[in-house]
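Right, I'll just put the structure down here and ask away after.
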Amino acid sequence: MKYLKHIFTTVRTQSPILFTIVLIHCIIAISCMVALFIDDRVLMGVNTWIKPLKFSISIAIYLITVGYLITLYPYSKRKRNGINNITSWTLLIEMGIIFFQASRGIPSHYNESTLLDALLFAGMGIMITINVLTMVLFIFDTIRLKLKTSKSIQWAILLGWIVIIIGSWIGGQMINQLSHNVGVADGGAGLPLVNWSTIGGDLRIAHFFGLHGIQIIPLFALWVSKKWKTTNRNQIITVTIFGLSYASWIGFVFYQAKQGIPLISL
């Protein structure tokens, strides 16, 4: 809890605009929770406000992650603010499109039924592409620069950025097929809240774990550094094994989904 408070304080003081946009996403999440109880419209088998709720929480977590990690890079204030602004504003635009489409009771993703829907979907794609490019920048800078942290955590951050690129690529696979399910149509029976299909393959599972590798792998490295007082070499080996295992899990659920097999069959 103390470390989380440190993260939030750091982001609030070092990246105030990004932190404000995080708060906006939190307000959106609360609004979606309220909407769940007053709006009973269903979209793709679940309440229409489930998707913006999930995205607002996920984006808020990602923005806090970027806002904190960027303070570890030896960037100038101008470069740090530039990356933070690009990341936060593009994701806020994407979130706005998702929220707008949910309010209309229609899909935001893979929706090309009208010119407006196609333009909004394309706009979301542009916002994501911009963010992927910033992820690539982080990969190169993590390799070439000395971060203000230990070697094992820097290595974990690099692995996290690589994994999130993989997760973004999986998102591209869904865009190519204009759906997230394999073997069955989108919608239908799914797990609570996440709505991952229980009757067919679902690429969102691998996409989810890929996108959150940037939190999970560095947090594991931090835990190892706090709990195991050993050499940097041993910590790096341990983080590498964990990172490869995590990436293997993503590969497994991706392969499983491509075969039309649900993660959990109910």
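Here, each number is a calculation from the coordinates, and none is a lab measurement. Since the model is a prediction, treat every value here as computed from it, not as a measurement. Glycine also receives a Cβ, built like all others from the backbone with ideal geometry; neighbour counts cover every protein chain displayed.
In whole Å, what are the extents of region 151-266 along the principal axes defined by its C-alpha atoms, from largest to smallest?
Between the extreme Cα coordinates on each principal axis of region 151-266 lie 51, 28, 22 Å.
Another one. As I understand it, the value is the acute angle between the Cα axis of helix 2-14 and the longest principal axis of the Cα atoms of the chain; what does it come to in degrees, rounded to 10?
Helix 2-14 sits at roughly 90 degrees to that axis.
Can you tell me which of 252-260, 116-124 comes out highest on packing, and rank the rest after it, using the mean Cβ neighbours within 10 Å?
Details: 252-260: 17.3, 116-124: 15.7.
Peptide ranking by packing, descending: 252-260, 116-124.
Please compute the net charge surrounding HIS212, taking Lys and Arg as +1 and Asp and Glu as -1 over other residues with Cβ under 14 Å from its Cβ. The partial results should precede the final answer.
On the way: positive: LYS54, ARG204; negative: none.
Neighbourhood net charge equals +2.
Still on this structure, please answer the following. Put a dot 7 Å past each Cα toward the Cβ at THR9 and ASP39; how far apart are the dots in nm?
3.8
For Rg and Dmax of the Cα atoms in Å, the listed values are (1) 16.8, 51; (2) 19.0, 59; (3) 23.7, 100; which was obtained by calculation from the structure presented?
Of the labelled values, this structure produces (2).
A further question on this structure: Using Cα-Cα distances under 8 Å and only pairs 6 or more residues apart, what relative contact order does region 71-125 have, in percent? Mind dumping the intermediate values first?
Numbers: 21 pairs, mean separation 13.5, N = 55.
25 percent.
In degrees from 0 to 90, rounded to the nearest 10, what is the angle of the helix 151-177 Cα long axis to the longest principal axis of the chain?
20
Which of the listed residues, PHE208, VAL163, PRO262, is farthest toward the dipole's positive end in region 151-266, when Lys, Arg count +1 and Asp, Glu count -1 at the beta-carbon?
VAL163
Give LYS5/LYS51; LYS5/LYS229; LYS54/LYS229 a once-over and call out the pairs whose C-alpha atoms are over 30 Å from each other. Don't skip to the end; give the middle numbers.
On the way: LYS5/LYS51 28 Å; LYS5/LYS229 24 Å; LYS54/LYS229 37 Å.
Correct reply: LYS54/LYS229.
Give the relative contact order (percent, whole number) for the chain; include only Cα pairs under 8 Å separated by 6+ residues. Display every interim value, and only then the final one.
Working: 334 pairs, mean separation 45.7, N = 266.
Reported as a whole number, the value is 17 percent.
If you don't mind, there's one more thing I want to ask. Build a GNM of the chain with springs between Cα atoms under 10 Å: which of LYS151, LYS227, LYS51 gets the top mean-square fluctuation?
Ranking LYS151, LYS227, LYS51 by mean-square fluctuation puts LYS227 first.
Ranked by Cβ crowding within 10 angstrom, fewest neighbours first, how are ARG233, ARG104, ARG144 ordered? Could the numbers behind the result be given before it?
Working: ARG233 10, ARG104 13, ARG144 7.
In increasing order of surrounding Cβ atoms, one gets ARG144, ARG233, ARG104.
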